[in-house]
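One structure below.
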């Protein structure tokens, strides 16, 4: 749930969450699959399967492929994602140079750049690209665009859907092979012209790389079956027998001169077409760089002695495409084996993560489904977080209220206990309100009783009048007393009077303040005044 929502699946090339990927390579006669396990910075090839399509039944080719996919998926077991590649013969390629470095900016304009070159409408096309080179100084990028009819991808994906599988990524085989080439340490230092030739049974894919950059792609509609057919005609044998003879003996010389001549003729005819293609590639590059290396792979690479024949015929160093350095340099680990079978090289390239094909995907439906699943996960997580936050807030509030309730209850019980102890509150008074009412009633009763007998804490009325008489010299200051109000409740005297002048007023205030019976005396401001005098407790 938290993958790609709270935590990304990977950081650059480090996989935070382990992942199993199966890469499929579908040919006319075979379905190859490679299962890899990605964890942290390690890549493990867990299993490779090369399944031949069924022969001698009435099933269509697509039905045979569906059955093969079912069987392979069952054998490979648990997985997280399925990647597959369509043949390059079904794609249109175009090299472009754009004044952008940003992938997203390139993505925005690439469709419009390619549209005039398409033999079908843009609405019918699925277009994607890989970045082959970038010039940081000029802020430009060289890209290789692949355009495929939507129906082609849909038919390819349907093969998996009919097998009960939903692929999440659809690549182009040439791009997958190029991504694998870039990862192999033994080929990383190739700076001159290099050609990758993938010889299949019915077609041959040719990729031209210069300076490690994929420059040209071409597919020839001929392969092992083509020269096997020609060889069968010259040798008067069936085409199936011709395939077996060529694959088993290849260019190996025998005592049969006619046989040797027939093999040389068909191979020479086939590689003459390849030579023409290579010359066409070289002529389109400035200064016509020389091709230094040819790497062979595919079913045709299994023909005995094919590399030596190509070296002699084309006068270019030729060798079989090798993946051993991936294991030797510990780029990948192969489980229970020492190397990758030749029949699984392309399926390995499809499954293996690569900077070249990381963002490439012709399966727009798969991308939309993946984005939909991610959005759904994000919404679920967001709702869970909202419920969690509100739940924690509710629990915290509940605990705080409960704690305060316990504190209040404890304080009330303590207050009740103290009042019961001090005032002998009866047990039938249970609540704090009842106990307080009872206690206040008892205090008032006691005050009324004791107030009548004890005036020790305050002066009597007569004492107050005597103190006023001592403080007032009515004749000397011409004092005219208007009113004297003594309040027992407030313990205060309200005194209204009049004097002749301000001098007498100050003298009166001084005398009042000198009396120990008065706690505080308001200062009169006019000769006719009303002031309040607070009484002190009796000393």
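The values are calculated or read from the model by the stated rules, or taken from the named source; none is laboratory data. Here the structure is a predicted model, which means the values were calculated and not measured. Using ideal geometry, Cβ is built from the backbone for each residue, glycine included, and neighbour counts are taken over all protein chains shown.
Odds and ends about this structure:
- Residues satisfying the stated conditions in the range 337-377, i.e. within 30 Å of residue 209 (Cα to Cα), at pLDDT below 75 and under 16 Å from the mean Cα position of the chain (by Cα): 367
- Yes/no for residue 512 being part of a helix (DSSP H, G or I), more than 17 Å from residue 466 (Cα to Cα) and touching a strand residue (DSSP E or B) at 6+ places or on another chain (Cβ under 9 Å): no
- One residue from 126, 118 being in contact (Cβ under 8 Å) with a residue 60 or more places away in the chain, surrounded by 15 or more Cβ atoms within 10 Å (Cβ to Cβ) and more than 21 Å from residue 347 (Cα to Cα): 126
- Residue in the range 67-92 that is surrounded by the fewest Cβ atoms within 10 Å (Cβ to Cβ), counting only those that are assigned to a loop (DSSP other than H, G, I, E, B), out of contact with any strand residue (DSSP E or B) (no Cβ under 6 Å at 6 or more places or on another chain) and free of Cβ contacts under 8 Å to residues at least 60 places away in the same chain: 78
- Failed criterion for residue 334 (all others in (1) modelled with pLDDT of 90 or more; (2) within 45 Å of the chain's Cα centre (by Cα); (3) more than 24 Å from residue 30 (Cβ to Cβ) hold): (3)
- Failed condition for residue 172, given (1) surrounded by fewer than 16 Cβ atoms within 10 Å (Cβ to Cβ); (2) touching a residue at least 12 places away in the same chain (Cβ under 8 Å); (3) touching a helix residue (DSSP H, G or I) at 6+ places or on another chain (Cβ under 9 Å): (1)
- Test: residue in the range 14-31 that is under 15 Å from residue 352 (Cα atoms) and at pLDDT below 90: yes
- Of 64, 105, all but one fail to be over 17 Å from residue 362 (Cβ atoms), modelled with pLDDT under 95 and surrounded by fewer than 15 Cβ atoms within 10 Å (Cβ to Cβ); the exception is 105.
- Test: residue in the range 303-311 that is free of Cβ contacts under 8 Å to residues at least 12 places away in the same chain, more than 23 Å from residue 215 (Cα to Cα), over 46 Å from the mean Cα position of the chain (by Cα) and surrounded by fewer than 20 Cβ atoms within 10 Å (Cβ to Cβ): no
- Checked against (1) farther than 14 Å from residue 200 by Cα; (2) surrounded by fewer than 16 Cβ atoms within 10 Å (Cβ to Cβ); (3) in contact with a helix residue (DSSP H, G or I) (Cβ under 9 Å, 6 or more places away or on another chain); (4) touching a residue at least 24 places away in the same chain (Cβ under 8 Å), residue 221 passes all but a single condition, namely (1).
- Just so you know, in the range 28-46 the residues that are touching a helix residue (DSSP H, G or I) at 6+ places or on another chain (Cβ under 6 Å) and touching a residue at least 60 places away in the same chain (Cβ under 8 Å) include one that is farthest from residue 202 (Cα to Cα), and it is 36.
- Residue 447 surrounded by fewer than 11 Cβ atoms within 10 Å (Cβ to Cβ), touching a helix residue (DSSP H, G or I) at 6+ places or on another chain (Cβ under 9 Å) and modelled with pLDDT under 70: no
- Test: residue in the range 274-294 that is modelled with pLDDT of 90 or more, in contact with a helix residue (DSSP H, G or I) (Cβ under 7 Å, 6 or more places away or on another chain) and crowded, with 20+ Cβ neighbours inside 10 Å: yes
- Positions within the range 515-538 being under 13 Å from residue 468 (Cα atoms) and outside any strand (DSSP E or B), in sequence order: 515, 516, 517
- Residue ID - surrounded by the fewest Cβ atoms within 10 Å (Cβ to Cβ), chosen from residues in the range 180-213 that are within 25 Å of residue 157 (Cβ to Cβ) and touching a helix residue (DSSP H, G or I) at 6+ places or on another chain (Cβ under 6 Å): 202
- Matching residues, the range 36-57, being in a strand (DSSP E or B) and under 24 Å from the mean Cα position of the chain (by Cα): 36, 37, 38, 39, 40, 42, 43, 44
- Residue 229 surrounded by fewer than 19 Cβ atoms within 10 Å (Cβ to Cβ), touching a residue at least 12 places away in the same chain (Cβ under 8 Å) and part of a strand (DSSP E or B): no
- Unique residue being over 24 Å from residue 211 (Cβ atoms) and either within 51 Å of the chain's Cα centre (by Cα) or in the same structural domain as residue 218 (by TED's automatic domain parsing) (or both) when the list is 276, 281, 270: 270
- Residues of the range 280-307 that are out of contact with any strand residue (DSSP E or B) (no Cβ under 8 Å at 6 or more places or on another chain) and closer than 24 Å to residue 188 by Cα: 286, 287, 288.
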